[in-house]
Structure formats: C-alpha cells, structure tokens
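So that we are looking at the same thing, I have put the structure below in structure tokens.
Every read-out reported here was derived from the displayed coordinates using simple, explicitly stated rules and does not represent laboratory data. Because the structure is predicted, anything quoted here is derived from the model rather than measured. Every residue, glycine as well, gets a Cβ built from its backbone with ideal geometry; the counts of neighbours run over all protein chains shown.
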C-alpha cells in the first residue's frame, strides 16, 4: 500500500518477533510495506520472522536503546507498539518488570513518534498501542464496553500491576492526542490465540493443546466455570492497519476480540476432543497456581459494537478452527503424543 507520494510505506513494529507482532509483520510485508522490527527476544522468537526478506529489517535490542540509535533520517509512516510484559504468570512473578516495561516503553515510543513529526503529519507518526482486556479490572458489567468504569484490586496484590500499567499506557496515548493532536489509537486485545503462541507465560489455549498432545493432564484453575472469548490472530492483525488508517478511529480506544464465550472447563473438554487425546482434566486452586488470594474474573467478554461500526470488524474464525490451528502449529514444531510421558506438569491460566 503506497503512500500518497507513491513511495512504499515504512512501518515500525516494536515486539515484532512476538506472537501477534510477527503475524502483523507478515501481513504488512504481504501488502508491499517495508518493515522494521525491534525486539529484544525476551519473549519473542527470531524464527517467527520471515527469513531473508528484502523488505524486513530486524533489530535485536532493547526498545529504548534502539529508538535512541535510529538516525534522524529514518522515516516511518506508522508505528505499531506491541512490545510489553504479558501473561499472568510473568506478571505475578515479576511485577517490577511488568510496570517498568509497559509504562516506560510506551512513553519512549510516544516521545519518539511525536519528535519525528513531519509536515504531512504534524501531530507525529500515526501509532497504534496494544492494550488488554485486563484494564477492565474486576468488570462492573458484561460485555465490557470501552467507556465502562473500572474497579481494580488493591496495590498489595501484584496480580493487578499489569492492569494498572496498561491503563497508564492508554492514558498516555489519549493525553498525547488531546494535547498535541497526536494520531494515536489504542487496541484492547481479548485473548488473541493462534499459531506461534506459546504457553510459557500462562496462555491457556497453547498450554491446554500442548498438554493434550503430550498426553498430560489439563489443569483447570478454580472451578473452571469462569468464561473467556478467544479470537484468531489472523482476524486480529487484519483489523489493526484499518484502525490506524481510518481517520475516525484516531484518538479512540477499541476492543478487539470474539464475543463467543466458553468456560475454561468447556475449553479443556473441547481441546481434548478435537486433538483426540486421552488426557484427563483436573482442577487446581488459584492459590496453588499463582499466589495466595489471587483474584480472577468470572466472565470476560468484549462489546465489539464500536469496532464493528468503525471498520466493520467481525471475527471470521471459530474456536474449533483456532484449536486445530494451534495443534497443527505445535505438531509442526515437534509437539505430539509422548508415550509414557509424565502427567500433571502442565498448567493453564485463565
């Protein structure tokens, strides 16, 4: 997609070697853009990126240092800021990293985008900042709407540090827009799932699928009746450029996800059935899985009417296809039945 001057668009993606970022990178390359990815590979993987693509530049570095090192002659037409500390297990284990990474890096990206303003875009480089359904906190009502009030748990519970930090990120984007006319958009992701996602940091679908393929128990936290909605990464990344390139979306917040709910126990049963596993499903207390007094939401479902009205977004890939795609990806990377494998080692966050 060329710029109005006929030049190829140059896009910057922070966290572009990660799960969502790498799929976005593939999409942008396929439409003819030139892409620069900055990723320190703390959670991303080099193999997620297209090998030897002449329109892809990969910079392995911490984001703040990389932005400072980019010369003044570097021209970017858009930025997608996806770098963040993510995953319930990581958040509970390392809240300092969560807070400093999320708030510090978002601030650095916004300053960079503002400082690189051009005559054709005086407010700064158009920037999409990834956020999360966690900003809804304990959820006053369901489905969650972008303008809902929010209630968080106490600061004594590390579990809420992620929600606080991403809420500050959103405030920064909207403040830049109000004060400087900055062309920013916030995307709140709801349980994005698909190939390349790993379960290391508490992502429930790849953890369930990997356990089922290996014949291990699927561990369901709590009573398993808490419900979530899962959206295929292909549906998610397809709408991101449309949000950033639609003038009516600038300075706004959008939920992105599916509105089909499923309980975590139902999800576990669906995974076992679809991959043909004989794995058992067992319960595990939240206190045992994470920390004493861990709080979880009973329901997390997005209201997607705003994004549907703005750009016509509606998920096209159902949960069954998502699970099969994740299973296919894990099999291609060597996951599969493990005769005599140990059981009960795999956990899954909700």
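Test of understanding: extend the Cα→C-beta vector of residue 157 to 7 Å, then name every residue of the stretch 110-141 with backbone N under 19 Å from that spot.
132-141
Please arrange 156, 258, 283, 227 by how many other C-beta atoms lie within 10 Å of their C-beta, fewest to most.
Ascending Cβ contact count within 10 Å gives the list 156, 283, 227, 258.
Let me ask you something else. How many angstrom lie between the Cα centre of the stretch 10-27 and the Cα centre of the stretch 55-69?
Cα centres, the stretch 10-27 to the stretch 55-69: 13 Å.
Select from 232, 177, 23 the residue whose mean-square fluctuation is largest in a Gaussian network model of the chain (Cα-Cα springs shorter than 10 Å).
Ranking 232, 177, 23 by mean-square fluctuation puts 177 first.
Same structure again: Could you work out the helix-only [θ] at 222 nm for the chain, with each DSSP H run of four or more residues adding -39,500 (n - 2.57) and the total divided by the number of residues, to the nearest 500 deg cm²/dmol?
-11000 deg cm²/dmol
May I ask you to derive the FRET efficiency for residue 305 and residue 223 from their Cβ-Cβ distance with R0 = 35 Å, giving the value to the nearest 0.05?
Computed FRET efficiency for residue 305 and residue 223 comes out at 0.70.
Let me ask something else about it. State the extension gain, in nm to one decimal, for the chain segment bounded by residue 7 and residue 107, taking 0.36 nm per residue of separation less the distance between their alpha-carbons.
33.1 nm
To continue, here is another question. For Cα extents along the principal axes in Å, pick the label among (1) 54, 42, 39; (2) 62, 45, 37; (3) 70, 43, 42 that corresponds to the value derived from the coordinates.
So the calculated entry is the one marked (2).
How far is helix 95-115 tilted, in degrees, relative to the longest principal axis of the Cα atoms in the chain, given as a value from 0 to 90 rounded to the nearest 10?
Tilt of helix 95-115: around 20 degrees.
Let me ask something else about it. Rounding to the nearest 10 and keeping the result within 0 to 90°, find how far the Cα-based axis of helix 264-275 lies from the longest principal axis of the chain.
Roughly 80 degrees, rounded to the nearest 10.
Sticking with this structure for a sec: How long is the gain from residue 141 to residue 238 if the chain were fully straight, where each residue apart is worth 0.36 nm and the alpha carbon distance is subtracted? Before the final figure, lay out each step's value.
Details: separation 97, 0.36 × 97 = 34.92 nm, distance 2.83 nm.
Once the chain is fully extended between residue 141 and residue 238, it gains 32.1 nm.
Could you tell me how many degrees, from 0 to 90 and to the nearest 10, lie between the Cα long axis of helix 19-30 and the main elongation axis, the longest principal axis, of the Cα atoms of the chain?
Here the helix axis deviates by roughly 50 degrees.
Separation between the residue 149 and residue 270 pseudo-spin-labels, each 7 Å from Cα along Cα→Cβ, expressed in nm?
About 3.3 nm separates the two model spin labels.
Post the alpha-carbon centroid distance, the stretch 210-277 to the stretch 167-209, in whole angstrom.
14
What spacing in nm lies between the two simple spin-label points modelled at residue 262 and residue 282, each 7 Å away from Cα in the Cβ direction?
2.4
Suppose R0 equals 25 Å; then what is the FRET efficiency for residue 100 and residue 60 from their Cβ-Cβ distance, rounded to the nearest 0.05?
It comes to 0.80.
In nm, what is the difference between 0.36 nm times the number of residues separating residue 68 and residue 93 and their Cα-Cα distance?
That works out to 6.0 nm of additional length.
Relative contact order for the stretch 27-179: what is it in percent, counting Cα pairs under 8 Å that are at least 6 residues apart?
Rounded, it is 20 percent for the stretch 27-179.
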